[in-house]
Amino acid sequence: MKTLQVCTPRPSVLDGTADFVVNLADLPQLSEAEAREFLDSNVLTSGMELLLQQAFARMAGEKSASGIYKLSESMGGGKTQSMIVAGILARYPKLADVVGSHKPLPKAKPEVVASFTGRSTDQKVWVSIGKQLGVDFPPDRAPAETEWRDALKGRTALILLDELAFYLVHAASQGKKDEGTRAATLAGIALTTLFGAVRDYKECARCVIVIADLQKDWEQGADELAKILRSNDTLGGTIQSVNNEMSKGAQSIAPVDNQKDELYAILRKRLFKDISLTEKEKTAVADAYVAELAKASAILERPTVKIREEILVSYPFHFSTKHLIASFNDNPGFQKTRDVIRLMATIVRGLWTKGDAEVARHALLSLETADLNDPTVASRFIEVKKTLQDALQTDIANNGTSHAESLDDDTTGLASRCAKWIYAASLSDVHPRGLTDAELAEYLLAPGRSIVGMPDALKKLYDNCWYIEQTKSGRYLFNRHKNLNAQVNSYVKACSNIDRDAQIEGKLTEMFEPKDKRCYQKLAVLPALDEVQLERDKTTLVVLKPDTDFVKYFTGEKFKNRVAILTADDQTGIFNVNKKAQRLWAIHQVVKDLSAEDTQYKKAKESLAEYQTELFLALKAVFNKLHYPLIDEQEETALVAAPLLDSYINDKTGQRI
């Protein structure tokens, strides 16, 4: 089976110089050679092809439904890329063959390609576009529709407008409030009259406007833009007016359709110079995964045939990639396709930097492949969801000291692998999906990688990590808030030896308190031996720590046949007992801190019962050597050691008790 060694990353990806930001302002300066190079790394998505076919049909004089095309994807979703491709083909029509359209583009001969990016805040949008059209519009007033009509009359023109929401917000913030309001209003009027001219006048029948959706074209997300607009009624009205006018008769197009697996094609093209793999070899990789998945079919929920199909489409990326990325694609500030490419480029660079042997260990590239101990890689993930930074560093990856990494020796590395997958599924700001046991098993399975011990690894993660939680539906995810484990661990650090020993004494007393008093009638737990007073008519069970010298005490006692001594002779076991006692004391404090209405109260009570049991079992395993008196060969009363039995046979009933 072929591994990722068949993939050759682009040099710019490996050396970190790859710049995945495209700027519409670069379009006028592109030479034909640079334009060809740009198209060579472009992926023609279905949305981009629809835009090119429709826009060039209108410019060619063919029947077209619209002269305005609104690119309706969020920031970083391929809008600028689509505009630049359209602009290149308008300037250099003979490069159309490089694009790889399913059918030839209509033969349009654009006379002018005008572009404006909202980052050009030092310019008046109508003045800039006017100059590119050969018209000098006055900077102190917005052109009327008829002025735009006259500038475009009988011409074949492509007008590209990007990041106008940023432009209008910036304009409104300039100078005094009245000055900012006037600047934004003038720009808004200029844009609405431009849209009206292209849409309504037959003289502009060969003109096309491609514009980014104002409501979605905001780097911090639509919600953040909405907050800004609510704080400035005039600006909100201006943007709404521009958006309404733009939308009249406009055709909305999504440049990248994640439902059609176009993301994988983009990632392959942008990250790798070459992938030397035949279809037969790709099928062999998919079949190898299916063979591993089939071994765990009892716990998987999805049919393996479906997963096989996804691998054939996603290669060389893991079939989970699209699903997990879709969960955080709408995070505020996350720039859709652009930031996904950046994220995956960082993972590629981190893996290939480790050398061929490490690359050869992987058959597919996944979010789990990321080395989260690499500061560059980790910073990319932190940018996706900053509120999980503490969870990442405390629970998942911190150069061997995170909770997951500390469990790796006991779980054959599964703890860290599980934690990384769960983290990847927790990156949504709005609805972190997390992973079920079945989904986690599906993602963990790979040729040569076992998931035996996964349930134990998950339990250990759940018991030790400070930010992990499990939803009512059984999904594991990492949260920004500390969980019960964190609260318990905080109290563990504050637990004194006196508090710890009180828990141990209390549990031993509970375990060995005489009930029917047939064997012994009194109990002394971890006493100072000089305080233990034996009685003629009552037998006392004395429970002692392992380092207690009880022989001298026994020798000096008068009622030797009225005592039994239970000891612990395993100092390592006592260390475990102490840890369990500290945690039991800690959970008691947590329960005290919570009210019955608190969301964590029920879990805290359940944990209290679990910790009680854990201490009981730890004590039972350690305090297991019983010394009791017998007459020896010299007719003297001596102590005889014997292991403490878990049960005994009742002589009368014959039942095990």
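The values are calculated or read from the model by the stated rules, or taken from the named source; none is laboratory data. In this text the structure is predicted, and so the values were computed from the model without any measurement. Quick reminder, even Gly has a Cβ in these numbers, built from the backbone with ideal geometry, and neighbours come from all protein chains shown. Remember, those area values only see protein heavy atoms, side chains included, never the ligands or the DNA or RNA. Shrake-Rupley method; radii C 1.70, N 1.55, O 1.52, S 1.80 Å.
See the values below:
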{"quantity": "Pairs with Cβ under 7 Å, 6+ apart, first in segment 16-34 and over 24 Å from ILE129 (Cβ atoms) and modelled with pLDDT of 85 or more, second open to solvent by 50 Å² or more (accessible area, probe 1.4 Å) and not aromatic (Phe, Trp, Tyr)", "calculated": "GLY16/ARG349"}
{"quantity": "Helices (runs of 4 or more DSSP H) lying entirely in segment 292-382 (those with 2 or more residues that are of a type outside the set (Ser, Thr, Tyr) and touching a Ser or Thr at 6+ places or on another chain (Cβ under 9 Å))", "calculated": "304-314, 321-328, 336-353"}
{"quantity": "Residue identified as under 18 Å from SER366 (Cα atoms), touching a residue at least 40 places away in the same chain (Cβ under 8 Å) and among the charged types (D, E, K, R) among ARG308, ARG270", "calculated": "ARG270"}
{"quantity": "Within segment 554-593, considering residues that are free of Cβ contacts under 8 Å to residues at least 60 places away in the same chain and open to solvent by less than 30 Å² (accessible area, probe 1.4 Å), the one nearest to the chain's Cα centre (by Cα)", "calculated": "VAL591"}
{"quantity": "Candidate set from segment 111-133 (those that are under 42 Å from the mean Cα position of the chain (by Cα) and among the basic types (Lys, Arg)); member that is nearest to PHE195 (Cα to Cα)", "calculated": "LYS124"}
{"quantity": "Residue within segment 505-516 that is among the hydrophobic types (A, V, I, L, M, F, W, C) and without any contact (Cβ under 8 Å) to a residue 60 or more places away in the chain present", "calculated": "yes"}
{"quantity": "Which numbered condition SER12 fails, given (1) without any contact (Cβ under 8 Å) to a residue 24 or more places away in the chain; (2) under 23 Å from SER101 (Cα atoms); (3) crowded, with 16+ Cβ neighbours inside 10 Å", "calculated": "(2)"}
{"quantity": "In segment 243-274, residue most open to solvent (accessible area, probe 1.4 Å) [restricted to those that are in a helix (DSSP H, G or I) and among the charged types (D, E, K, R)]", "calculated": "LYS260"}
{"quantity": "Single match in GLN335, GLN389 (criterion: within 22 Å of SER12 (Cβ to Cβ) and open to solvent by 10 Å² or more (accessible area, probe 1.4 Å))", "calculated": "GLN335"}
{"quantity": "Residues of segment 536-553 classified as hydroxyl-bearing (Ser, Thr, Tyr), surrounded by fewer than 18 Cβ atoms within 10 Å (Cβ to Cβ) and under 20 Å from ILE631 (Cβ atoms), total", "calculated": "1"}
{"quantity": "Among the residues listed as THR278, THR346, THR353, THR321, the single one being open to solvent by 50 Å² or more (accessible area, probe 1.4 Å) and closer than 19 Å to ALA378 by Cα", "calculated": "THR353"}
{"quantity": "Within segment 465-485, considering residues that are touching a His at 6+ places or on another chain (Cβ under 9 Å) and in a loop (DSSP other than H, G, I, E, B), the one surrounded by the fewest Cβ atoms within 10 Å (Cβ to Cβ)", "calculated": "TRP466"}
{"quantity": "Residue among GLU614, GLU610, GLU606 that alone is open to solvent by less than 60 Å² (accessible area, probe 1.4 Å) and either out of contact with any Phe, Trp or Tyr (no Cβ under 6 Å at 6 or more places or on another chain) or at pLDDT 95 or above (or both)", "calculated": "GLU614"}
{"quantity": "Residue in segment 523-530 that is within 17 Å of VAL622 (Cβ to Cβ), open to solvent by less than 40 Å² (accessible area, probe 1.4 Å) and touching a residue at least 24 places away in the same chain (Cβ under 8 Å) present", "calculated": "yes"}
{"quantity": "Any hit, segment 45-61, residues being surrounded by fewer than 23 Cβ atoms within 10 Å (Cβ to Cβ), at pLDDT below 85 and part of a loop (DSSP other than H, G, I, E, B)", "calculated": "no"}
